[in-house]
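**Q** The structure's right below; bear with me while I get my questions together.
The values are calculated or read from the model by the stated rules, or taken from the named source; none is laboratory data. It should be emphasised that the depicted structure is a prediction, and the values quoted were computed from it without experimental measurement. Note: ideal-geometry Cβ built from the backbone for every residue, glycine included; neighbour counts use all protein chains shown. Note: areas computed on protein heavy atoms with side chains; ligands, DNA, RNA excluded. Shrake-Rupley method; radii C 1.70, N 1.55, O 1.52, S 1.80 Å.
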Amino acid sequence: MIVLGIESSCDETAVSICKDGKILSNIVSSQQVHSNYGGVVPEVASREHDRLLNQLVIKSIKEANISLNDIQGIGVTKGPGLAGTLLTGVSFAKGFSQSLNIPIIGINHLEAHIYANFLAYPKLEYPLVCLLVSGGHTQIWYIKNIFDYELLGDTRDDAAGEAFDKGARILGLGYPGGPIIEKIAKKGNSDLISFPKAFMEKDNLEFSFSGLKTSLLYLVKKNQLFEMEDIVASYQKAILDVLVTKLARSVIIKKVNTCIIAGGVAANKSLRRLVEDKLNATINVYYPDINLCTDNAAMIAFLAEIYFKKGIRSNLDFEVIPNLKLK
Ligand code: KG4
Ligand code: ZN
């Protein structure tokens, strides 16, 4: 089955075509305009999606080497995300499905991040534990079977991606913070500064990153004579250590043989290495290619196809849900 995927939950305009679980084309246009503002401006992002979607769909059909009428279904992100940007993508997709008379399904962005691992590794087996780390979410899920989720841990305040982005903003490094911090951290000593790590006591699976952020702010205000590379490396380590510790705990608690990492922060190579160092000797560790960790539409098309094949589709009046949960 050939499925078109559309993703517009934030500032990436993404379009992809998948066929029988494989990617035929996968285009992501990251909106650069927001870097002038230090964060995403929702109104600007919606207008950019509106301007780009049609041309990216045409490009994506061309790259996939198919014709418009070959498309048999369309999947589009319905949440979570920014209301206006979601609406832009969903309205476009609804019109598209009507004009071609093909089924449409609204997809949960978080579920799609998780299923990017199945796109990359079709033979992945349940049960497994997933560390889901993005700009808005930091959660650990026990996935017993397909679409069967149990939440093991969640953040009480900021998400891990937010900790990267806000940290970079405090240090005047630009947006988005994750890739910038990862790059600078490579040159620094991550053991030089000891930043706070929340909820580290035995068996605790919760997260909190607001104290870490405040601690960075104080350090900068006190103007202590640390090198930028060392501050950044130590700050990144404080985030990653907590993620890896709690993931390892969850794996033990649930006695699984497999764990996966998903979401934008999973693109971080130090996180991947730390998880492998800690767990690879005992269980199987998986994570998708970097372009399938950060926001993309291949994960949307891939998951849409799974739903279509189960006979599930949305009615044309489905709505966007900005605060949509996985469960
Ligand atoms: O999944 P994603 O692309 O969008 C959301 O669904 O939120 O995640 C975006 C988040 C941002 O906070 C960004 O700073 C972070 O992922 N991120 C990274 C890296 N690449 C993106 N964080 C750490 N290291 C990276 N290499
Ligand atoms: Zn995302």
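**Q** Just to check your reading of the model, which residue among 295, 289, 317 is modelled with pLDDT of 95 or more, within 16 Å of ligand 2 (Cβ to nearest atom) and open to solvent by 60 Å² or more (accessible area, probe 1.4 Å)?
**A** Going through 295, 289, 317 in turn, just one is modelled with pLDDT of 95 or more, within 16 Å of ligand 2 (Cβ to nearest atom) and open to solvent by 60 Å² or more (accessible area, probe 1.4 Å): 289.
Residue-wise test of (1) of a type outside the set (Phe, Trp, Tyr); (2) within 15 Å of ligand 1 (Cβ to nearest atom).
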residue: 78; (1), (2): yes, yes
residue: 86; (1), (2): yes, yes
residue: 107; (1), (2): yes, yes
residue: 112; (1), (2): yes, yes
residue: 129; (1), (2): yes, no
residue: 142; (1), (2): no, no
residue: 157; (1), (2): yes, yes
residue: 165; (1), (2): yes, yes
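**Q** For region 167-194, which positions are away from ligand 1 (no atom under 16 Å from the Cβ) and either in contact with a His (Cβ under 8 Å, 6 or more places away or on another chain) or of a type outside the set (S, T, N, Q) (or both)?
**A** Result: 191, 192, 193.
**Q** Turning to a different aspect of this structure: For residue 205, indicate whether it is open to solvent by less than 30 Å² (accessible area, probe 1.4 Å), away from ligand 1 (no atom under 13 Å from the Cβ) and within 20 Å of residue 136 (Cβ to Cβ).
**A** Yes; evaluated as a whole, the condition is true for this residue.
**Q** Would it be correct to say that residue 250 is open to solvent by less than 10 Å² (accessible area, probe 1.4 Å), polar (S, T, N, Q) and not in a strand (DSSP E or B)?
**A** Answer is yes for this residue.
**Q** Can you list the strands (runs of 3 or more DSSP E) found entirely within region 63-139 that contain at least 3 residues being in contact with a Lys or Arg (Cβ under 8 Å, 6 or more places away or on another chain) and open to solvent by less than 30 Å² (accessible area, probe 1.4 Å)?
**A** The strands (runs of 3 or more DSSP E) meeting that bar are 104-108.
**Q** Another question about this same structure. Exactly one of (1) buried (at least 24 other Cβ atoms within 10 Å of the Cβ); (2) more than 15 Å from ligand 1 (Cβ to nearest atom) is unmet by residue 50. Its number?
**A** (1)
**Q** For region 18-48, enumerate the residues that are under 30 Å from residue 310 (Cα atoms) and either assigned to a helix (DSSP H, G or I) or not hydrophobic (A, V, I, L, M, F, W, C) (or both).
**A** 19, 20, 21, 22, 25, 26
**Q** Pick from 28, 33, 40: which is open to solvent by 10 Å² or more (accessible area, probe 1.4 Å), closer than 30 Å to residue 168 by Cβ and touching a Cys at 6+ places or on another chain (Cβ under 7 Å)?
**A** The match here is 40.
**Q** Another one. Out of (1) polar (S, T, N, Q); (2) in contact (Cβ under 8 Å) with a residue 24 or more places away in the chain; (3) surrounded by fewer than 19 Cβ atoms within 10 Å (Cβ to Cβ), the odd one out for residue 280 is which?
**A** (2)
**Q** Given region 255-327, what helices (runs of 4 or more DSSP H) lie entirely inside it while holding 3 or more residues that are among the small types (Gly, Ala, Ser)?
**A** 298-309
**Q** OK, next. Which members of region 1-17 meet the condition of being outside any strand (DSSP E or B) and more than 15 Å from residue 73 (Cα to Cα)?
**A** Those that are outside any strand (DSSP E or B) and more than 15 Å from residue 73 (Cα to Cα): 8, 9, 10, 11.
**Q** Same structure, new question: Collect the residues in region 166-195 that are within 16 Å of ligand 2 (Cβ to nearest atom), surrounded by fewer than 21 Cβ atoms within 10 Å (Cβ to Cβ) and at pLDDT 95 or above, keeping them in residue-number order.
**A** Correct list: 179 only.
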